[in-house]
Amino acid sequence: MKYVSEFRNETLSRGLIARIRTSSRTSSRLMEFCGGHTNTIFRYGIRQLLPGTVNMVSGPGCPVCVTAPSDLDRAIAAAGIPDVILTTFGDMMRVPGSYTSLQEEKAAGADVRVVYSPVDALTTAMENPDKSVIFLGIGFETTAPTVAASILEAEEKGIDNYFVLSLHKICPPVIRALLDSGEIVLNGLVCPGHVSAVTGSGIWEFIASEYGIPCVVTGFEPPDVLRAISMLVAQIERGEAKVENAYSRGVRSDGNPLALDMMERVFREDDAEWRGIGAVKNSGLVFRKAFERFDAEKVFEIPSKPPLERKGCLCGEILRGVKMPGDCPLFGRACTPASPVGPCMVSSEGTCSAYYRYGESDAG
């Protein structure tokens, strides 16, 4: 437990909580963007430890949850193409599409396989040369470099039956879209540590400089999150707005140059659709022309039907931070982890899942 226990230090946590409770502001509304932070906050009861002056709201930091219904439907349809093996992360299996899910398609005979990384998907392609293997590429800047690396390896080894359906998203544009919408007022942002480990902390500077909102990048242990909240409260009290790094053990200002280079070589930015938010300019990653032979979208004729929204599901509003899970009439009733209606209840990083698992059923 060395190094892990050091970041679950009770004395340190109590000191940070005491510091946060000295806030004299009437109210501060802070958003944690990342689903990993949401889980930490609920798992360790951080919301209950905060003073009434500090309110946390969850943002659209769950890549499974923000996958648009139309994109999800295409992924499910791709599983039905003859002689195709669809590989995917496990969280996507149970997400309900407009008409069915990957899990239901697998049960009906489609060859859908759960993998732990794009490397596993590439290995599947090498082991099944008579099949076309499609990897369902979802995730933010955290996972996109690993997918890019698998494409570069496939090119180097001459593997011609490996393809990716790229549904990757990048984070800064959607935060800008949320702030520009005027739907939600924020006083501070807890920035995602894993994303920032790739991109660097500098990508959040626009939030502080253009919107006057303090930002702190942090890790995922309870003291990490508490430290970020403490630093945000301190900035708010002083009337400051800057980007601070509370995760220096994992994040540098310039990020990971190797990961960024691989992502840049394979992908380019393009508009992307986000569940509950709509089209966001330059918030997605698509293949550069030199690598389009690996693009499942270009290679296969993927059938499509008009997407259908699940009636009564407030997942979109919850992702935007304008509603809480308890506001949804389906939460804990028609929609549970055993029988989910929306992706926010399916994914381990989903806000509804966190509320349900850790007993938070209230609306606020």
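The values are calculated or read from the model by the stated rules, or taken from the named source; none is laboratory data. Keep in mind that this is a model prediction, so the values were computed, not measured. Glycine also receives a Cβ, built like all others from the backbone with ideal geometry; neighbour counts cover every protein chain displayed. These accessible areas exclude ligands, DNA and RNA; they are computed on the full protein's heavy atoms, side chains included. Shrake-Rupley method; radii C 1.70, N 1.55, O 1.52, S 1.80 Å.
If you build the Cα gyration tensor of region 277-359 and take the root of 5 times each eigenvalue, what three semi-axes come out, in whole angstrom, biggest first?
Details: eigenvalues 206, 44, 35 Å².
After diagonalising the Cα gyration tensor, the semi-axes are 32, 15, 13 Å.
Holding the Cα-Cα limit at 22 Å, pick out from Lys281/Lys311; Lys169/Lys281; Lys281/Lys323; Lys242/Lys323; Lys169/Lys242; Lys106/Lys131 the pairs that are longer than that.
On the way: Lys281/Lys311 27 Å; Lys169/Lys281 11 Å; Lys281/Lys323 24 Å; Lys242/Lys323 27 Å; Lys169/Lys242 25 Å; Lys106/Lys131 16 Å.
Cα-Cα > 22 Å for Lys281/Lys311; Lys281/Lys323; Lys242/Lys323; Lys169/Lys242; rest within.
What whole-number volume per residue, in cubic angstrom, does the convex hull of the C-alpha atoms of region 64-186 give?
Working: hull volume 13.7 nm³, N = 123.
With only Cα atoms used, region 64-186 gives 111 Å³ per residue.
Using Cα centres only, tell me the gap between region 288-359 and region 129-204 in whole Å.
17 Å
How large is the Kirkwood hydrodynamic radius of region 17-63, counting all unique pairs of alpha carbons, in Å?
With all distinct Cα pairs of region 17-63 included, I get 11.3 Å.
Largest first and in whole Å, give the semi-axes of region 119-238's equivalent ellipsoid, each being the square root of 5 times a Cα gyration tensor eigenvalue.
Numbers: eigenvalues 301, 47, 23 Å².
Its equivalent ellipsoid spans semi-axes of 39, 15, 11 Å.
Could you tell me which trypsin sites (Lys or Arg not before Pro) in region 97-191 are loop residues by DSSP with no more than 10 other beta carbons within 10 angstrom of their beta carbon?
none
As I understand it, the value is the acute angle between the Cα axis of helix 69-78 and the longest principal axis of the Cα atoms of the chain; what does it come to in degrees, rounded to 10?
Helix 69-78 sits roughly 30 degrees off the main axis of the chain.
Express the accessible area of the chain per residue in Å², computed with a 1.4 Å probe while the remaining protein chains stay in the model. Kindly include the intermediate steps, with their values, before the conclusion.
Numbers: 15540 Å² over 364 residues.
It amounts to 43 Å² per residue over the chain.
Which residue fluctuates the most in the chain, going by a Gaussian network model with Cα springs under 10 Å, if the choices are Thr38, Thr11, Thr88?
In the Gaussian network model the winner is Thr11.
Kirkwood Rh and Cα-based Rg: tell me the resulting Rg over Rh for region 194-279, rounded to two decimals. Before the final figure, lay out each step's value.
Values: Rg = 14.9 Å, Rh = 14.4 Å.
Result: Rg/Rh = 1.04.
How tilted is helix 144-157 with respect to the longest principal axis of the chain? Cα atoms for both, answer in degrees (0 to 90, nearest 10).
30 degrees
Given labels modelled 7 Å from the Cα in the Cβ direction, how far is it in nm from Asn9 to Glu155?
About 4.5 nm, to one decimal.
Within 10 Å, count the other beta carbons around each residue, average over each peptide in 213-219, 116-122, and list them highest first.
Details: 213-219: 26.4, 116-122: 18.4.
By packing density, highest mean first, the sequence is 213-219, 116-122.
Based only on Cα atoms, what Rg/Rh ratio does the chain have, Rh being taken as Kirkwood's radius? All intermediate terms of the calculation are to be shown ahead of the outcome.
Values: Rg = 20.6 Å, Rh = 21.2 Å.
The Rg/Rh ratio comes out at 0.98.
Cα atoms only: what Rg and Dmax, in Å, come out for region 179-228?
My reading of the Cα-based Rg and Dmax gives 11.6, 32 Å.
Identify unpaired cysteines across the chain, taking unpaired to mean no other cysteine Cβ lies under 4.7 Å from the residue's Cβ.
Lacking a cysteine Cβ partner under 4.7 Å: Cys34, Cys171, Cys191, Cys215, Cys313, Cys328, Cys335.
Taking region 238-294 on its own, what percent of its Cα-Cα pair distances exceed 18 Å? Please list the in-between numbers first.
Numbers: 956 of 1596 pairs.
Pairs farther apart than 18 Å: 60 percent.
Report the equivalent ellipsoid semi-axes for region 226-364 in whole Å, largest first, defined as the square roots of five times the eigenvalues of the gyration tensor built from alpha carbon atoms.
On the way: eigenvalues 192, 171, 37 Å².
For region 226-364, the semi-axes come out at 31, 29, 14 Å.
Rg and Dmax of region 58-103, using alpha carbons, in Å: what are they?
11.2, 41
Compare the Cα positions of Leu165, Gln103, Gly182 along the charge dipole of region 62-189 (+1 at Cβ of Lys, Arg; -1 at Cβ of Asp, Glu; about the Cα centre) and return the one farthest towards the positive end.
Value computed over the given set: Gly182.
From the mean inverse distance of alpha carbon pairs (Kirkwood) and the Cα radius of gyration, derive Rg over Rh for region 261-313. The partial results should precede the final answer.
Values: Rg = 14.3 Å, Rh = 13.3 Å.
Dividing the radius of gyration by the Kirkwood radius yields 1.07.
Just want to confirm a number: the relative contact order over the chain, from Cα pairs under 8 angstrom separated by 6+ residues, in percent.
On the way: 694 pairs, mean separation 80.4, N = 364.
Across the chain, relative contact order equals 22 percent.
So if I restrict to the alpha-carbon atoms in region 31-97, what is the Rg, and what is Dmax, the biggest pairwise distance, in Å?
17.1, 57
Quick one: work out the % antiparallel among DSSP beta bridges in the chain, nearest 5.
Details: 10 of 39 bridges.
Close to 25 percent.
Among DSSP beta bridges whose residues both lie in region 213-323, state the antiparallel percentage, nearest 5.
Once the DSSP bridges in region 213-323 are tallied, antiparallel ones form about 70 percent.
Please report the orientation-averaged projected area of region 1-148, defined via the convex hull of its C-alpha atoms, in nm².
Taking a quarter of the hull surface, the average projection is 12.5 nm².
Calculate, in nm to one decimal, what Val322 and Arg252 gain on full extension: separation in residues at 0.36 nm each, minus their alpha carbon distance. Before the final figure, lay out the partial values.
Numbers: separation 70, 0.36 × 70 = 25.20 nm, distance 3.18 nm.
Fully extending the segment from Val322 to Arg252 adds 22.0 nm.
With viscosity set to 0.692 mPa s at 37 °C, what whole-number translational diffusion coefficient in µm²/s follows for region 79-137 from Stokes-Einstein and a Kirkwood radius over Cα pairs? Spell out each step's value before the answer.
Values: Rh = 11.5 Å.
Value of D from the Cα-based Kirkwood radius: 284 µm²/s.
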